[in-house]
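In what follows, a single structure is set out as structure tokens and then discussed.
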Amino acid sequence: MTTGSEDDVPAFGENTRLVLGGRAPFDHHGFVNTPVFRGSTVLSPTVKDYVDQTQLYTYGRRGTPTSQAFQEALQAIDHSAGVVLCPSGLAAVSTALLACLSAGDHLLMTDCVYRPARNFCDSALRRFGIETTYYDPLKPEPPRGGRAIRRGAHGRARPLPACRAGAESPEPGGKDGS
């Protein structure tokens, strides 16, 4: 079996990677699937181990064997360099933006972006000195000049007329059926 790393599954096809990714049964007494680890507090063998942070897991919200197995599975499936799990769409958007933007940068964002992401751009990014320009994604070419560009529209299916310059992003489950 595999731990889900690219070194372990290079010759496997996509379906095999879907089945094997993130699995390490011999690390879990032969159980095929990684057990679900629940908890926040992780004990250290000694105070020195705690202070020196010698353990892989130190706090449940920072990862568990379960979340690590899921990340490894996604990494194997996508052939990616790494995976970051986020608890919400806003956390995913803000993590990606903050990873590549710095003070003084310019972000190009579709005008029909997910409302919490728009609020994040208009408040937090603005406070960090990052300018956001919203553009109509239905136009053939977005404006030029940004350090980062968010090309996709809202992740939920909805009628295209809601995606137009100046349009507010409807809330999910709103009257337009998104």
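It is to be established whether one or more residues within the range 38-60 are under 28 Å from Pro25 (Cα atoms), surrounded by 10 or more Cβ atoms within 10 Å (Cβ to Cβ) and of a type in the set (Lys, Arg). No: zero hits.
Any residue that is at pLDDT below 85, surrounded by 11 or more Cβ atoms within 10 Å (Cβ to Cβ) and on the phi > 0 side of the Ramachandran plot - is there at least one of those in the range 23-31? No: zero hits. Among the residues making up the range 84-123, those that are touching a Ser or Thr at 6+ places or on another chain (Cβ under 7 Å), aliphatic (A, V, I, L, M) and farther than 22 Å from Glu141 by Cβ are Val84, Leu85. All of (1) more than 12 Å from the chain's Cα centre (by Cα); (2) buried (at least 19 other Cβ atoms within 10 Å of the Cβ); (3) aliphatic (A, V, I, L, M) hold for Ala103 with one exception: (2). Among the residues of the range 19-48, just one is of a type in the set (Ser, Thr, Tyr) and farther than 17 Å from Gly60 by Cα, namely Thr46. If you go through the range 63-87 and keep only what is over 17 Å from Arg23 (Cβ atoms) and in contact (Cβ under 8 Å) with a residue 24 or more places away in the chain, you end up with just His79.
Which one is modelled with the highest pLDDT among residues in the range 138-153 that are under 17 Å from His106 (Cα atoms) and surrounded by 15 or more Cβ atoms within 10 Å (Cβ to Cβ)? Per the criteria, the residue is Gly146.
The values are calculated or read from the model by the stated rules, or taken from the named source; none is laboratory data. Because the structure is predicted, anything quoted here is derived from the model rather than measured. Don't worry about glycine lacking a Cβ; one is built from the backbone with ideal geometry, like all the others, and counts go over all protein chains shown.
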